Amino acid sequence: MTDAVTLEIVLEGLAMAFALMSYASRDNFYSALYMCLTMTTIAGIYAFYGVHSAFALITLIFIGALGIITVVLSYSFREIKSIDYRFGWIVFALIVSFVSLTLPNFANAGDYVDAIPSFEPIYMLIALPLILMLVLIEVWRDGL
Amino acid sequence: MEGWALIGLSLVLLVIGLLMLVSSRDLIRLLISLEFMFSAIFLSVLYTLNASGYEVLVTMIFTSCCELMVLVGVVVFFSRKFKTTSLEVKESD
């Protein structure tokens, strides 16, 4: 079994596992998070087959926009509000965005892994929706 | 072999989306189930993707995005009116 086949099986298995976890989860917030992870692995399958434009579209539109709106909606109407998101999560998002901007200089792996770090703004694009989501949660909950 | 795996995965996602749809008692869960079903369709398109299929894929992505945004708008207006996203009818109502 080649590495490519193994990678494909892992991606498809992850997509199936995340989808099942999303279905099994009773909490809408975690269900939405698992849905985002499923969409991420589906975008990964597109990238695996070399359709990078579809990967970008699915990542930015379905995960970056719709997925985040779903997460925000589900968190806003969550009955168990136990996550302290106000400060810690913003610091976490900023650290992730900083590390991911500096990480590509040290990356040294296979061709596919090399191809992603060469497009450095994608890390900032992934980190920005995370920060945007935190702000949206705050605004949405204050408005309720 | 690869194509069958993709079709199988898209079928599984479609079934999960349908199960979630019929068992949902909440608008947000309905939204999640629709996103699962759209992702299943995207995967099935990947199996038949060729040079001219890319335009179809982009059109599908933007069309489904618009449909989901309409549902998001419905969720927002529903929640503003009823102060909840639950679809269950209470005894007092």
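A few comments on the model shown:
- Legend: calculated FRET efficiency, A:Arg78 to A:Val10, from the Cβ-Cβ distance at R0 = 30 Å, rounded to 0.05, equals 0.45.
- The long axis of helix B:53-82 is offset from the longest Cα principal axis of chain B by roughly 10 degrees.
- Once exposed loop trypsin sites (Lys or Arg not before Pro) are cut out (DSSP; at most 14 other Cβ, 10 Å), longest piece of chain B: B:26-82
- Calculated FRET efficiency for the pair B:Lys81/A:Ala65, C-beta based, R₀ 30 Å, to 0.05: 0.80
- Neighbouring Cβ atoms from other chains, within 10 Å of the Cβ of residues in A:2-14, number 1 on average.
- Volume per residue of the convex hull around the Cα atoms, evaluated for segment A:1-81, comes out as 73 Å³.
- Packing-based ranking of A:24-36, A:4-16 yields A:24-36, A:4-16, ordered from highest to lowest mean Cβ neighbour count within 10 Å.
- Shielding by partners for peptide B:29-39, expressed as the average number of C-beta atoms from other protein chains within 10 Å of each residue's C-beta, is 6.
- Chain B: angle of helix B:27-47 to the longest principal axis, Cα-based, in degrees nearest 10: 10
- A simple spin-label model places pseudo-atoms 7 Å from Cα toward Cβ; at B:Thr48 and A:Asp3 they are separated by 3.4 nm.
- Residue among B:Ser64, B:Ser39, B:Ser23 with the largest mean-square fluctuation in a Gaussian network model of chain B, springs linking Cα atoms under 10 Å: B:Ser23
Read the figures in this text as sums done on the coordinates, not as results from a lab. What you are looking at is a predicted structure, and each value in this text was computed from that prediction instead of being measured. Cβ coordinates were reconstructed from backbone atoms using ideal geometry, including for glycine residues, and neighbour counts include every protein chain displayed.
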